1. If B:SER47 passes every condition in (1) closer than 24 Å to B:GLU135 by Cβ; (2) at pLDDT 90 or above but one, which one does it miss?
2. So, A:LEU8, is that one open to solvent by less than 10 Å² (accessible area, probe 1.4 Å) and closer than 25 Å to B:GLU66 by Cβ or not?
3. Answer yes or no as to whether A:ARG124 is under 15 Å from the mean Cα position of the chain (by Cα) and of a type outside the set (Gly, Ala, Ser).
4. Do you know which residues across the range A:21-70 are of a type in the set (Ser, Thr, Tyr), over 21 Å from B:ARG10 (Cα atoms) and either crowded, with 19+ Cβ neighbours inside 10 Å or within 7 Å of chain B (Cβ to nearest Cβ) (or both)?
5. Taking the range A:102-130, which residues are under 26 Å from A:GLN76 (Cβ atoms) and touching a residue at least 24 places away in the same chain (Cβ under 8 Å)?
6. Within the range A:144-192, how many residues are at pLDDT 90 or above and of a type in the set (Asp, Glu)?
7. If I filter the range B:129-145 down to residues being under 13 Å from B:VAL86 (Cα atoms) and not hydrophobic (A, V, I, L, M, F, W, C), which single residue comes out as most open to solvent (accessible area, probe 1.4 Å)?
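The values are calculated or read from the model by the stated rules, or taken from the named source; none is laboratory data. Because the structure is a prediction, the values reported are computed rather than measured. Methodologically, a virtual Cβ is constructed for each residue, glycine included, from the backbone with ideal geometry; neighbour enumeration extends over all protein chains shown. SASA here: full protein model, heavy atoms, side chains in, ligands and nucleic acids out. Shrake-Rupley method; radii C 1.70, N 1.55, O 1.52, S 1.80 Å.
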Number of protein chains: 2
Amino acid sequence: MPYLSKSLQRAIDELSRLPGIGRKSAQRIVFYLLKLPKEEVHGLAQSLEDVKEKALYCSVCFNITETDPCPICTNQNRDRSVICVVEEANDVAALEKTGDYKGLYHVLGGSLSPLDGIGPDDLRIKELLRRINDEVKEVILATNPNAEGEATALYLAKLLKPLGVKISRIARGIPVGTDLEYSLVCYLCHCQFYGLV
Amino acid sequence: MPYLSKSLQRAIDELSRLPGIGRKSAQRIVFYLLKLPKEEVHGLAQSLEDVKEKALYCSVCFNITETDPCPICTNQNRDRSVICVVEEANDVAALEKTGDYKGLYHVLGGSLSPLDGIGPDDLRIKELLRRINDEVKEVILATNPNAEGEATALYLAKLLKPLGVKISRIARGIPVGTDLEYSLVCYLCHCQFYGLV
(Lines give C-alpha, C1' and ligand atoms only; values in the text may rest on other atoms or scores of the structure.)
Protein backbone atom coordinates (compact mmCIF):
# COMPACT_ATOMS: atom_id res chain seq x y z
CA MET A 1 0.00 0.00 0.00
CA PRO A 2 1.38 3.43 -0.87
CA TYR A 3 1.95 5.66 2.16
CA LEU A 4 0.54 8.78 0.48
CA SER A 5 -2.82 9.33 -1.20
CA LYS A 6 -2.88 9.19 -5.01
CA SER A 7 -3.40 12.91 -5.60
CA LEU A 8 -0.59 13.80 -3.17
CA GLN A 9 1.76 11.33 -4.79
CA ARG A 10 0.94 12.66 -8.26
CA ALA A 11 1.52 16.29 -7.24
CA ILE A 12 4.87 15.32 -5.66
CA ASP A 13 5.86 13.44 -8.84
CA GLU A 14 4.93 16.41 -11.02
CA LEU A 15 6.70 18.99 -8.86
CA SER A 16 9.89 16.95 -8.46
CA ARG A 17 10.38 17.04 -12.25
CA LEU A 18 10.90 20.83 -12.13
CA PRO A 19 14.50 22.11 -12.12
CA GLY A 20 15.96 22.54 -8.63
CA ILE A 21 13.16 20.65 -6.87
CA GLY A 22 13.87 17.20 -5.46
CA ARG A 23 11.39 14.73 -3.95
CA LYS A 24 11.80 16.12 -0.43
CA SER A 25 11.23 19.73 -1.51
CA ALA A 26 8.25 18.60 -3.60
CA GLN A 27 6.72 16.86 -0.57
CA ARG A 28 7.28 19.96 1.56
CA ILE A 29 5.58 22.14 -1.06
CA VAL A 30 2.58 19.81 -1.36
CA PHE A 31 2.01 19.74 2.41
CA TYR A 32 2.35 23.53 2.41
CA LEU A 33 -0.30 23.78 -0.34
CA LEU A 34 -2.69 21.71 1.77
CA LYS A 35 -2.59 24.39 4.45
CA LEU A 36 -3.29 27.25 2.03
CA PRO A 37 -6.82 28.48 1.21
CA LYS A 38 -8.28 26.87 -1.93
CA GLU A 39 -8.23 30.18 -3.84
CA GLU A 40 -4.48 30.60 -3.41
CA VAL A 41 -3.74 27.11 -4.75
CA HIS A 42 -6.10 27.80 -7.63
CA GLY A 43 -4.27 31.09 -8.27
CA LEU A 44 -0.92 29.31 -8.43
CA ALA A 45 -2.21 26.57 -10.76
CA GLN A 46 -3.91 29.17 -12.95
CA SER A 47 -0.77 31.30 -13.21
CA LEU A 48 1.20 28.28 -14.47
CA GLU A 49 -1.44 27.52 -17.11
CA ASP A 50 -1.54 31.20 -18.11
CA VAL A 51 2.21 31.30 -18.74
CA LYS A 52 1.87 28.54 -21.29
CA GLU A 53 -1.41 29.88 -22.69
CA LYS A 54 -0.52 33.55 -23.13
CA ALA A 55 3.23 33.58 -23.69
CA LEU A 56 4.39 33.64 -27.31
CA TYR A 57 7.61 34.47 -29.11
CA CYS A 58 8.05 37.99 -30.50
CA SER A 59 8.28 37.64 -34.30
CA VAL A 60 11.06 40.27 -34.40
CA CYS A 61 13.44 39.48 -31.51
CA PHE A 62 12.07 36.05 -30.33
CA ASN A 63 11.80 37.23 -26.75
CA ILE A 64 8.88 35.82 -24.74
CA THR A 65 5.93 38.20 -24.75
CA GLU A 66 2.16 38.43 -24.60
CA THR A 67 1.89 40.87 -27.51
CA ASP A 68 3.58 40.48 -30.90
CA PRO A 69 5.89 42.41 -31.52
CA CYS A 70 7.05 42.57 -27.88
CA PRO A 71 6.97 45.81 -25.80
CA ILE A 72 10.74 46.24 -26.23
CA CYS A 73 10.59 46.04 -30.06
CA THR A 74 7.64 48.46 -30.24
CA ASN A 75 9.04 50.94 -27.67
CA GLN A 76 10.00 54.06 -29.65
CA ASN A 77 12.25 55.32 -26.85
CA ARG A 78 14.71 52.45 -27.26
CA ASP A 79 17.90 52.85 -29.25
CA ARG A 80 17.25 51.10 -32.57
CA SER A 81 20.89 51.29 -33.63
CA VAL A 82 22.04 48.58 -31.18
CA ILE A 83 21.00 44.91 -31.06
CA CYS A 84 22.11 42.76 -28.12
CA VAL A 85 22.26 39.05 -29.06
CA VAL A 86 21.53 36.64 -26.19
CA GLU A 87 21.03 32.89 -25.94
CA GLU A 88 17.74 32.65 -24.03
CA ALA A 89 14.78 34.84 -23.06
CA ASN A 90 15.85 34.80 -19.40
CA ASP A 91 19.06 36.56 -20.45
CA VAL A 92 16.87 39.44 -21.67
CA ALA A 93 15.22 39.50 -18.23
CA ALA A 94 18.64 39.59 -16.53
CA LEU A 95 19.89 42.44 -18.73
CA GLU A 96 16.64 44.44 -18.44
CA LYS A 97 16.86 44.13 -14.66
CA THR A 98 20.08 46.17 -14.71
CA GLY A 99 18.18 49.01 -16.42
CA ASP A 100 21.39 50.11 -18.15
CA TYR A 101 20.81 48.82 -21.66
CA LYS A 102 18.48 50.84 -23.86
CA GLY A 103 18.84 49.07 -27.22
CA LEU A 104 17.00 46.13 -28.80
CA TYR A 105 17.53 42.39 -28.32
CA HIS A 106 17.73 39.23 -30.39
CA VAL A 107 17.18 35.85 -28.71
CA LEU A 108 19.01 33.01 -30.48
CA GLY A 109 17.22 30.21 -28.67
CA GLY A 110 20.43 28.49 -27.52
CA SER A 111 24.09 28.26 -28.50
CA LEU A 112 26.05 26.24 -31.06
CA SER A 113 26.80 22.86 -29.57
CA PRO A 114 27.88 20.15 -32.04
CA LEU A 115 27.98 17.56 -29.24
CA ASP A 116 24.26 18.13 -28.57
CA GLY A 117 23.52 18.29 -32.30
CA ILE A 118 22.71 22.02 -32.25
CA GLY A 119 23.97 23.66 -35.43
CA PRO A 120 23.49 27.15 -36.95
CA ASP A 121 20.16 26.15 -38.52
CA ASP A 122 18.70 25.35 -35.07
CA LEU A 123 19.30 28.92 -33.85
CA ARG A 124 17.64 32.13 -35.06
CA ILE A 125 20.75 33.30 -36.90
CA LYS A 126 19.13 33.89 -40.32
CA GLU A 127 16.50 36.02 -38.58
CA LEU A 128 19.28 38.08 -36.94
CA LEU A 129 21.07 38.70 -40.25
CA ARG A 130 17.77 39.80 -41.81
CA ARG A 131 17.42 42.45 -39.09
CA ILE A 132 20.73 44.13 -39.95
CA ASN A 133 19.84 47.23 -41.99
CA ASP A 134 21.19 50.79 -42.29
CA GLU A 135 19.61 51.75 -38.98
CA VAL A 136 21.65 49.15 -37.02
CA LYS A 137 25.13 50.39 -36.14
CA GLU A 138 26.24 47.92 -33.46
CA VAL A 139 25.62 44.28 -32.50
CA ILE A 140 26.57 43.24 -28.95
CA LEU A 141 27.27 39.50 -28.65
CA ALA A 142 26.10 38.68 -25.12
CA THR A 143 26.22 34.88 -25.34
CA ASN A 144 27.36 33.05 -22.21
CA PRO A 145 31.11 33.10 -21.42
CA ASN A 146 31.46 29.29 -21.78
CA ALA A 147 32.81 27.15 -24.65
CA GLU A 148 29.49 27.02 -26.55
CA GLY A 149 28.74 30.71 -26.01
CA GLU A 150 32.23 31.74 -27.19
CA ALA A 151 31.96 29.54 -30.29
CA THR A 152 28.56 31.05 -31.09
CA ALA A 153 29.93 34.59 -30.67
CA LEU A 154 32.89 33.84 -32.96
CA TYR A 155 30.60 32.30 -35.59
CA LEU A 156 28.23 35.29 -35.47
CA ALA A 157 31.10 37.78 -35.63
CA LYS A 158 32.31 36.10 -38.83
CA LEU A 159 28.85 36.36 -40.42
CA LEU A 160 28.24 39.94 -39.27
CA LYS A 161 31.61 41.42 -40.26
CA PRO A 162 30.82 41.75 -44.01
CA LEU A 163 27.59 43.59 -43.14
CA GLY A 164 29.59 46.58 -41.85
CA VAL A 165 28.24 46.81 -38.30
CA LYS A 166 30.32 47.33 -35.18
CA ILE A 167 30.61 44.02 -33.31
CA SER A 168 31.08 44.05 -29.52
CA ARG A 169 31.47 41.21 -27.05
CA ILE A 170 30.48 41.60 -23.37
CA ALA A 171 33.47 42.12 -21.06
CA ARG A 172 34.78 39.01 -19.37
CA GLY A 173 36.88 38.83 -16.21
CA ILE A 174 36.67 39.05 -12.46
CA PRO A 175 33.20 40.41 -11.51
CA VAL A 176 33.39 43.95 -10.10
CA GLY A 177 32.66 44.08 -6.38
CA THR A 178 33.68 40.52 -5.53
CA ASP A 179 36.68 39.31 -3.59
CA LEU A 180 39.61 38.08 -5.69
CA GLU A 181 40.06 35.20 -3.26
CA TYR A 182 36.73 33.71 -4.23
CA SER A 183 36.73 34.68 -7.88
CA LEU A 184 39.82 32.86 -9.05
CA VAL A 185 38.97 29.22 -9.53
CA CYS A 186 41.28 26.38 -10.45
CA TYR A 187 41.30 25.65 -14.18
CA LEU A 188 41.49 21.89 -13.70
CA CYS A 189 38.69 21.08 -11.34
CA HIS A 190 36.97 24.43 -10.69
CA CYS A 191 37.86 24.23 -6.99
CA GLN A 192 38.80 27.47 -5.24
CA PHE A 193 42.43 26.50 -4.48
CA TYR A 194 43.68 28.37 -7.51
CA GLY A 195 46.88 29.54 -5.85
CA LEU A 196 47.91 26.03 -4.91
CA VAL A 197 47.98 24.45 -8.38
CA MET B 1 8.22 49.25 -18.09
CA PRO B 2 8.47 45.84 -16.47
CA TYR B 3 11.10 43.60 -18.06
CA LEU B 4 8.91 40.47 -18.01
CA SER B 5 5.43 39.92 -19.42
CA LYS B 6 2.54 40.07 -16.94
CA SER B 7 1.75 36.33 -16.97
CA LEU B 8 5.43 35.44 -16.47
CA GLN B 9 5.77 37.91 -13.63
CA ARG B 10 2.64 36.57 -11.94
CA ALA B 11 3.79 32.94 -12.21
CA ILE B 12 7.18 33.89 -10.75
CA ASP B 13 5.47 35.78 -7.89
CA GLU B 14 3.21 32.81 -7.14
CA LEU B 15 6.00 30.23 -7.26
CA SER B 16 8.42 32.24 -5.13
CA ARG B 17 5.92 32.16 -2.26
CA LEU B 18 6.34 28.39 -1.95
CA PRO B 19 8.74 27.09 0.73
CA GLY B 20 12.31 26.63 -0.49
CA ILE B 21 11.77 28.53 -3.76
CA GLY B 22 13.32 31.98 -4.14
CA ARG B 23 12.81 34.45 -6.98
CA LYS B 24 15.71 33.06 -9.03
CA SER B 25 14.51 29.46 -8.74
CA ALA B 26 10.97 30.59 -9.59
CA GLN B 27 12.22 32.35 -12.74
CA ARG B 28 14.18 29.23 -13.74
CA ILE B 29 11.08 27.08 -13.28
CA VAL B 30 8.87 29.42 -15.32
CA PHE B 31 11.33 29.49 -18.24
CA TYR B 32 11.52 25.69 -18.01
CA LEU B 33 7.70 25.45 -18.16
CA LEU B 34 7.70 27.55 -21.34
CA LYS B 35 9.76 24.85 -23.04
CA LEU B 36 7.48 21.99 -21.96
CA PRO B 37 4.53 20.77 -24.07
CA LYS B 38 1.22 22.38 -23.09
CA GLU B 39 -0.20 19.07 -21.79
CA GLU B 40 2.61 18.65 -19.27
CA VAL B 41 2.12 22.13 -17.83
CA HIS B 42 -1.61 21.45 -17.67
CA GLY B 43 -0.88 18.15 -15.89
CA LEU B 44 1.23 19.93 -13.27
CA ALA B 45 -1.36 22.67 -12.69
CA GLN B 46 -4.15 20.08 -12.50
CA SER B 47 -2.25 17.94 -9.99
CA LEU B 48 -1.88 20.95 -7.67
CA GLU B 49 -5.60 21.73 -7.89
CA ASP B 50 -6.42 18.05 -7.30
CA VAL B 51 -4.40 17.95 -4.08
CA LYS B 52 -6.53 20.71 -2.65
CA GLU B 53 -9.76 19.39 -4.17
CA LYS B 54 -9.51 15.74 -3.19
CA ALA B 55 -7.44 15.71 -0.02
CA LEU B 56 -9.35 15.69 3.26
CA TYR B 57 -8.57 14.89 6.87
CA CYS B 58 -9.35 11.39 8.13
CA SER B 59 -12.01 11.76 10.85
CA VAL B 60 -10.27 9.14 13.00
CA CYS B 61 -6.52 9.88 12.85
CA PHE B 62 -6.51 13.30 11.03
CA ASN B 63 -4.04 12.08 8.46
CA ILE B 64 -4.47 13.48 4.92
CA THR B 65 -6.46 11.11 2.74
CA GLU B 66 -8.86 10.89 -0.19
CA THR B 67 -11.24 8.48 1.57
CA ASP B 68 -12.63 8.91 5.07
CA PRO B 69 -11.57 6.99 7.20
CA CYS B 70 -8.10 6.76 5.67
CA PRO B 71 -6.62 3.51 4.25
CA ILE B 72 -4.43 3.08 7.35
CA CYS B 73 -7.37 3.34 9.78
CA THR B 74 -9.50 0.91 7.72
CA ASN B 75 -6.69 -1.59 7.05
CA GLN B 76 -7.55 -4.68 9.13
CA ASN B 77 -3.97 -5.99 8.92
CA ARG B 78 -2.61 -3.14 11.04
CA ASP B 79 -1.97 -3.50 14.74
CA ARG B 80 -4.89 -1.74 16.45
CA SER B 81 -3.27 -1.92 19.89
CA VAL B 82 -0.64 0.77 19.10
CA ILE B 83 -1.21 4.44 18.23
CA CYS B 84 1.74 6.56 17.10
CA VAL B 85 1.18 10.27 17.81
CA VAL B 86 2.86 12.65 15.34
CA GLU B 87 2.76 16.40 14.79
CA GLU B 88 1.99 16.62 11.07
CA ALA B 89 0.74 14.45 8.21
CA ASN B 90 4.17 14.45 6.58
CA ASP B 91 5.52 12.68 9.68
CA VAL B 92 3.11 9.83 8.86
CA ALA B 93 4.57 9.73 5.34
CA ALA B 94 8.12 9.62 6.75
CA LEU B 95 7.28 6.78 9.18
CA GLU B 96 5.34 4.80 6.56
CA LYS B 97 8.30 5.07 4.21
CA THR B 98 10.38 3.02 6.67
CA GLY B 99 7.81 0.21 6.39
CA ASP B 100 8.65 -0.89 9.96
CA TYR B 101 5.65 0.44 11.85
CA LYS B 102 2.43 -1.56 11.57
CA GLY B 103 0.18 0.24 14.08
CA LEU B 104 -2.17 3.21 13.74
CA TYR B 105 -1.45 6.94 13.79
CA HIS B 106 -2.83 10.12 15.31
CA VAL B 107 -1.92 13.47 13.77
CA LEU B 108 -1.98 16.33 16.31
CA GLY B 109 -1.78 19.11 13.75
CA GLY B 110 1.23 20.81 15.37
CA SER B 111 2.93 21.05 18.76
CA LEU B 112 2.32 23.06 21.93
CA SER B 113 3.97 26.43 21.48
CA PRO B 114 2.86 29.16 23.90
CA LEU B 115 5.04 31.72 22.10
CA ASP B 116 3.07 31.17 18.89
CA GLY B 117 -0.20 31.05 20.81
CA ILE B 118 -0.75 27.32 20.17
CA GLY B 119 -2.29 25.70 23.25
CA PRO B 120 -3.78 22.24 23.93
CA ASP B 121 -7.16 23.27 22.46
CA ASP B 122 -5.55 24.02 19.09
CA LEU B 123 -4.27 20.44 18.73
CA ARG B 124 -6.29 17.24 18.32
CA ILE B 125 -5.62 16.08 21.88
CA LYS B 126 -9.25 15.54 22.92
CA GLU B 127 -9.71 13.40 19.83
CA LEU B 128 -6.67 11.32 20.81
CA LEU B 129 -7.95 10.73 24.34
CA ARG B 130 -11.32 9.67 22.93
CA ARG B 131 -9.56 6.98 20.88
CA ILE B 132 -8.01 5.30 23.94
CA ASN B 133 -10.17 2.25 24.65
CA ASP B 134 -9.54 -1.33 25.88
CA GLU B 135 -8.12 -2.30 22.49
CA VAL B 136 -5.29 0.26 22.70
CA LYS B 137 -2.31 -1.00 24.72
CA GLU B 138 0.43 1.44 23.75
CA VAL B 139 0.79 5.07 22.63
CA ILE B 140 4.08 6.07 20.97
CA LEU B 141 4.80 9.80 21.28
CA ALA B 142 6.66 10.58 18.06
CA THR B 143 6.61 14.38 18.28
CA ASN B 144 9.73 16.17 17.04
CA PRO B 145 12.81 16.11 19.31
CA ASN B 146 12.82 19.90 19.81
CA ALA B 147 11.61 22.06 22.71
CA GLU B 148 7.98 22.23 21.48
CA GLY B 149 7.85 18.55 20.59
CA GLU B 150 9.26 17.52 23.97
CA ALA B 151 6.81 19.75 25.82
CA THR B 152 3.92 18.26 23.83
CA ALA B 153 5.11 14.71 24.57
CA LEU B 154 5.38 15.47 28.32
CA TYR B 155 1.91 17.05 28.35
CA LEU B 156 0.38 14.08 26.52
CA ALA B 157 2.16 11.57 28.79
CA LYS B 158 0.60 13.27 31.81
CA LEU B 159 -2.90 13.05 30.28
CA LEU B 160 -2.47 9.46 29.06
CA LYS B 161 -1.00 7.98 32.27
CA PRO B 162 -4.32 7.70 34.17
CA LEU B 163 -5.84 5.85 31.18
CA GLY B 164 -3.58 2.85 31.82
CA VAL B 165 -1.82 2.61 28.44
CA LYS B 166 1.88 2.03 27.93
CA ILE B 167 3.51 5.32 26.89
CA SER B 168 6.64 5.25 24.73
CA ARG B 169 8.78 8.05 23.36
CA ILE B 170 10.85 7.64 20.18
CA ALA B 171 14.57 7.06 20.88
CA ARG B 172 16.74 10.17 20.70
CA GLY B 173 20.49 10.29 20.14
CA ILE B 174 23.13 9.94 17.45
CA PRO B 175 21.46 8.55 14.27
CA VAL B 176 22.51 4.97 13.53
CA GLY B 177 24.75 4.69 10.47
CA THR B 178 26.18 8.20 10.58
CA ASP B 179 29.69 9.28 11.47
CA LEU B 180 30.18 10.57 15.02
CA GLU B 181 32.35 13.34 13.63
CA TYR B 182 29.41 14.89 11.79
CA SER B 183 26.73 14.09 14.31
CA LEU B 184 28.05 15.95 17.32
CA VAL B 185 27.23 19.59 16.94
CA CYS B 186 28.24 22.46 19.15
CA TYR B 187 25.64 23.32 21.76
CA LEU B 188 26.20 27.03 21.48
CA CYS B 189 25.94 27.78 17.80
CA HIS B 190 25.11 24.40 16.19
CA CYS B 191 28.38 24.47 14.24
CA GLN B 192 30.21 21.20 13.75
CA PHE B 193 33.30 22.12 15.79
CA TYR B 194 31.96 20.35 18.85
CA GLY B 195 35.38 19.13 19.99
CA LEU B 196 36.83 22.62 20.00
CA VAL B 197 34.41 24.28 22.42
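1. Of the numbered conditions (1) closer than 24 Å to B:GLU135 by Cβ; (2) at pLDDT 90 or above, the odd one out for B:SER47 is (1).
2. For A:LEU8, the condition - open to solvent by less than 10 Å² (accessible area, probe 1.4 Å) and closer than 25 Å to B:GLU66 by Cβ - is met.
3. yes
4. A:SER25
5. A:LYS102, A:GLY103, A:LEU104, A:TYR105, A:HIS106, A:VAL107, A:LEU108, A:ARG124, A:GLU127, A:LEU128, A:LEU129
6. Within the range A:144-192, residues that are at pLDDT 90 or above and of a type in the set (Asp, Glu) number 2.
7. Looking at the filtered set, the residue picked out is B:PRO145.
This table checks each residue for (1) farther than 27 Å from B:ASN63 by Cα; (2) in the same structural domain as A:LEU112 (by TED's automatic domain parsing); (3) charged (D, E, K, R).
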{"position": "A:ALA11", "(1), (2), (3)": "no, no, no"}
{"position": "A:SER16", "(1), (2), (3)": "no, no, no"}
{"position": "A:ILE29", "(1), (2), (3)": "no, no, no"}
{"position": "A:LEU33", "(1), (2), (3)": "no, no, no"}
{"position": "A:VAL41", "(1), (2), (3)": "no, no, no"}
{"position": "A:GLN46", "(1), (2), (3)": "yes, no, no"}
{"position": "A:ASN63", "(1), (2), (3)": "yes, yes, no"}
{"position": "A:ASP68", "(1), (2), (3)": "yes, yes, yes"}
{"position": "A:ILE83", "(1), (2), (3)": "yes, yes, no"}
